Each structure stands twice: as C-alpha cells, then as structure tokens.
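Beneath this line is the structure, given in structure tokens, with notes to follow.
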Amino acid sequence: MDSISLPALELDADFWSLRFVEESCQSYSVRKNVAQPWSLLTDRGVMASVYAGGGYGYAASADTSPQGLRDVLQRAAAWARATARFTLDDSRSLPRPASRGDYASPSLDSALPTRREWYEILARESRDAGFDSRIVDWEALVDVRHATHRLVTSEGGDVLQRYRFVFPSIGVTAYAGGVTQQRTLNGQRGICQQGGTEILARFNFAGGGRRVAEEALELLAAPNCPSGRMDVLLAPDQMVLQIHESSGHPLELDRILGDERNFAGTSFVTPQMFGTYRYGSELLNITFDPTRPEELASYAFDDEGTPAQKTWLIRGGLLERPLGGAISQTRAGLPGVANARADGWNRPPIDRMANLNLEPGDATFGQLVAGIERGIMLETNTSWSIDDSRNKFQFGCERGRIIENGMLGHVVKNPNYRGISAEFWRSLARVGNVDTVSVLGTPYCGKGEPSQTIRVGHASPACVFTGVDVFGGEA
C-alpha cells in the first residue's frame, strides 16, 4: 500500500480521504501432537470518505487501480449528497485532517521462525502438555499478522503505519470422574502484542505446555470455590477483562450518544458525568495510551488521521474524558481521544477502545496478598456477562486461590464474582506496582453495524477489591 502512486483525483466535494489497508495472517497450530494445516489469508482494499453538501458518505472497494479510486470516491460523494438532509451534524463543521507521518511496530523487520521452525516450537509444547491420560484435549498455536495502513486526504495528509502482531496461545482440557476443567496461558488469545519472537519470551511460552497442563490437573482435584462476600485479588489476566467491559465500553462516546443502543448496547455513563462523577476509588487511574510500543493497539494516528497521545480518562477515581474520536467530539461538545478506528478496509471508523490501561500503584505482589485477611485470588477470564448499559456484570475465572491471614492457600475451581461497575471500582483498595503489570489484550472486540472485530490492548497490575460477591459454580 505504501508503494501505490495516486493518480490525479478531481472531486466536487468539501473534503475526501482514502484509507488503504492490506493485512495478512499466517496461522500455525499443533493439536494433540498433530500439526494442523497452515493457513495464509490476505485482505486488501480501500475506503473512501467524503464530505459534500453538508453530508458525509463512504464507499469501499478492492479495486485500487486509478479508475477504481476515482469510482469509489464518486460513490462516496453520491452517498454524502443523498444523506445530507438526514445528517446529525453538518459535515462542513467537522475536522479535515492533514496529518503526515508514519509508525512501525517494534521489531517489525526482525527475522521470524520459518514455517518448519514454528511447527517445531508448537510441537514441543504439545508433547509436554499431553503427558497424562486425564488431559483429553490440548493445543499450541500462534498467529502472525502483518498490516500496512495508509491514509491520504485532500488536505495534503499522508499517514503510513506498518504493524506486526504475534498471538501465541496454549490451551488444555482435563477430564476425570465427570469433572472437566480448562486452563490456558493467560486466556484464549490473551497474549497479543506487537513485535516478534521476544513476545514468546516475555510470557515464558517455552515450557508453558507442561505448566498449563499441570494446573488443569490441579483444578480437577480442587474443591469448588466458596461463596460469600470477601476481598478479591484480581491477577492482570483477569483485570484486562474487568477494564475492558466495565470501563472501556461504558466510556465509548458513540455508545453514550446512543449509536450502539440497538446492537451492542448503551452506557450507564451520561455526558453530564464528565468532570464530576466518581467512577472509582482514589486509586483508580485509567489512561488511553496508544504510545506503548509493544501493546496491541499502539499507533501514531487513528483511522481519521488524528494524532494519538496518552490521555487520562479517569484520574484519582474521577471521570475526566470519554473515548470519542473527532466526529463524536463535535457532536457531543466534549473532548475525546484519537480512537476512531476500523477493523478493515471495508468498514468505516467508529469510536473504539485502543490501549486502555490501569496505571500501576505502589504495592508489591506480596503486600497485596499480605493485606487480605479472608479472600481469594482470581486468574484468567473464562466467561463474562454484562448488561446492555455495561453496568451489572458477572465474570468467571479459570482458577482461584484462597487467601487467609495474608497467605496464599489452596487452589479452587469454578470461581465467579459479580458486581456493579462503578460500585466495584469504588471498592478498589490496593493497586500493584510496575512489577505486577502484564501487557495483554484481545484481537476480538466486537462492535458496530455492520459488525467490526478489532484489536484492543490492556496493561494492568494486579489489584485488590473489598467486599466482592464471590460464588462457585457446580462441582
């Protein structure tokens, strides 16, 4: 996409942009010691956005030839004029980005294992995981994705961003005596970062097969999680789900404005809350930060060309700013962030989380545990349910550990907890330091009509919450 030479483009419009996207994904998997077929998918095309006559229109095409570009701009301009009388805001009041710059993932050009070497890496973990007859299913896999995004605007903007993403994963299912338990390495596709093979080293992927399998067997023999109100220590690989569902989605400005009401839902947050609402305890500090190099959704510009920078959304527990791109900011009259993003060339940008992080505190992991008289440590999300306004939630985890008198105790299975978003965040009592932080995320955050599935990063320390409603599943 960076090599495309644009033809002369003449269009009767106030503003236009062309967003070129090319993405490829290679997938490798070894399941139960059997190498699965290698797959390679490549997708490329262009999205045209046009402001004309006060309206806003877009059109997409896989044809990036000179004539294809002219045609897609004309179609977008026709939609802009046809819908002008229905628009919520006159497009002549919207920003006309002219940004120029580039971005590249860390280790973008470093060597990766060959296809054979990837299968050898995964086969070792598979063999190590399947060491016991009670392990009935297991898999080691990795996805490697490359992407090139280019945004060109009629105002002279030209932004080129190149990415490489690596998603390694290990999952195990154990069964005995009518009991089934699953254990994964930081969740299903929870390990997802930009970079190269250093990502595997960060998460101790080598040896992970045996380790995950042993923990699955431990869960088979573990007692069921107790029920009751108690303190909860959430590990980072559960904190990412907590951040995502009960602070990320509620703060998306298009959702607050009602755009997602009939599909992904609305939000309990209202525009009047910003600047005054106590979203959590004074220890709660959440940032939008697309500048952390290895994190999954880092970039220099969003898909509308707005420069990206670290921004505080919740500081000292107080709600400061929503997750809204330039168009939503104009509609709402509120400041936002550079988070207008699309999941591909045939989708328009909408307000999305990118990297949404909980800033670390000052407590070591030992201090987090030592401060709990009666409670439980919860690791790795396995199920989630939250209402349409992103308020009442119920989450399940793969693994729990009882904490008594400041000491980590035995493992329990089927742990769950529930709460109400702001009430839960107000119970935040201790935040782990930088040594407890993990940088995780998900490549599968869904939203929008037509549907979009996008990459989101979350970095979080371990955190302690007080008086949480905890309950076990069936034994």
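Gap in Å between the Cα centre of segment 139-174 and the Cα centre of segment 398-475?
26
Ile314's amide H: which non-local residues (gap 5+, or another chain) put their own amide H closer than 5 Å, with H modeled 1.01 Å from N in plane and none for Pro or chain starts?
Ile286, Glu320
Hey, can you grab everything whose amide H is under 5 Å from the amide H of Val468? Only 5+ residues off in sequence or another chain; H modelled, so Pro and N-termini drop out.
Residues meeting the criterion, in which the H sits 1.01 Å from N, are Met230, Asp231, Val232.
Of all accessible surface on segment 1-56 at a 1.4 Å probe, what whole percent is carbon and sulfur?
On the way: 1190 of 2640 Å².
For segment 1-56, the apolar C and S fraction of the accessible surface comes to 45 percent.
Helix-derived [θ] at 222 nm for the chain: sum -39500 (n - 2.57) over DSSP H runs of at least 4, divide by residue count, nearest 500?
Details: 9 runs with 82 residues, N = 475.
Rounded to the nearest 500, the figure is -5000 deg cm²/dmol.
How high is the relative contact order of the chain? Use alpha-carbon pairs under 8 Å, at least six apart in sequence, and give a whole percent.
Details: 1309 pairs, mean separation 75.1, N = 475.
16 percent.
Only bridges whose two residues both fall in the chain count here: according to DSSP, what percent of them are antiparallel, nearest 5?
Values: 116 of 129 bridges.
Around 90 percent of the beta bridges assigned by DSSP in the chain are antiparallel ones.
Distance in nm between label sites at Leu40 and Ser5, each 7 Å beyond Cα in the beta-carbon direction?
Here the modelled spin labels are 2.7 nm apart.
How many nm separate the modelled label positions at Ser451 and Ser385, each set 7 Å beyond the Cα in the direction of the Cβ?
2.0
Using Cα centres only, tell me the gap between segment 8-56 and segment 249-326 in whole Å.
If we compute the Cα centre of each part, the gap is 25 Å.
Taking 0.36 nm per residue of sequence separation and subtracting the Cα-Cα distance, how much length would be gained by fully extending the chain between Ala111 and Asp137, in nm to one decimal?
On the way: separation 26, 0.36 × 26 = 9.36 nm, distance 3.18 nm.
Residue separation times 0.36 nm, minus the Cα-Cα distance, leaves 6.2 nm.
I'd like the carbon and sulfur percentage of the solvent accessible area for segment 62-144, probe radius 1.4 Å, heavy atoms only, ligands and nucleic acids excluded.
Details: 2320 of 4720 Å².
Ligands and nucleic acids excluded, carbon and sulfur reach 49 percent.
Among Val437, Thr380, Asn346, whose Cα sits farthest toward the positive end of the charge dipole of segment 323-475 (+1 at Cβ of Lys/Arg, -1 at Cβ of Asp/Glu, about the Cα centre)?
Asn346
So the label point goes 7 Å from the Cα of Arg418 along Cα→C-beta, right? Which residues of segment 435-475 then have their backbone N under 16 Å from it?
Once the point is set 7 Å along Cα→Cβ of Arg418, 468-474 turn out to lie under 16 Å by backbone N, inside segment 435-475.
Carbon and sulfur: what percent of segment 183-274's accessible surface (1.4 Å probe)? Walk me through the intermediate numbers first.
On the way: 1440 of 2960 Å².
Whole-percent figure for carbon plus sulfur exposure: 49.
Modelling each spin label as a point 7 Å along the Cα-to-Cβ direction, I'd like the Ser227/Ala82 distance in nm, to one decimal.
5.6
Nothing charged except the Cβ atoms of Lys and Arg (+1) and of Asp and Glu (-1): what's the magnitude of the dipole of the chain about its Cα centre? Round to the nearest 20 debye.
Details: 48 positive and 57 negative charges, 64 e Å.
Rounded to the nearest 20 debye, it is 300 debye.
May I ask you to list the aspartates and glutamates whose Cα is less than 13 Å away from that of Lys392, ignoring any residue fewer than eight positions away on the same chain?
Glu245, Glu423, Asp469
In terms of the Cα gyration tensor, with a ≥ b ≥ c the square roots of its eigenvalues, is segment 1-145 rounded because a/c is under 1.5, prolate because a/b exceeds b/c, or oblate? Walk me through the numbers on the way to the answer.
On the way: a/c = 3.40, a/b = 2.66, b/c = 1.28.
Note, shape of segment 1-145 comes out prolate.
Quick one: accessible area per residue over segment 183-226, 1.4 Å probe, rounded to a whole number of Å²?
Numbers: 1550 Å² over 44 residues.
Dividing the accessible area of segment 183-226 by its residue count gives 35 Å².
Provide the per residue accessible area, probe 1.4 Å, for segment 23-72, rounded to a whole number of square angstrom.
That works out to 46 Å² per residue.
The values are calculated or read from the model by the stated rules, or taken from the named source; none is laboratory data. Everything numeric in this text was worked out from a predicted model, so none of it was measured. Glycine gets a Cβ as well: all are built from the backbone with ideal geometry, and neighbour counts include every protein chain shown. Only protein heavy atoms, including side chains, enter the accessible area calculation; ligands, DNA and RNA are left aside. Shrake-Rupley method; radii C 1.70, N 1.55, O 1.52, S 1.80 Å.
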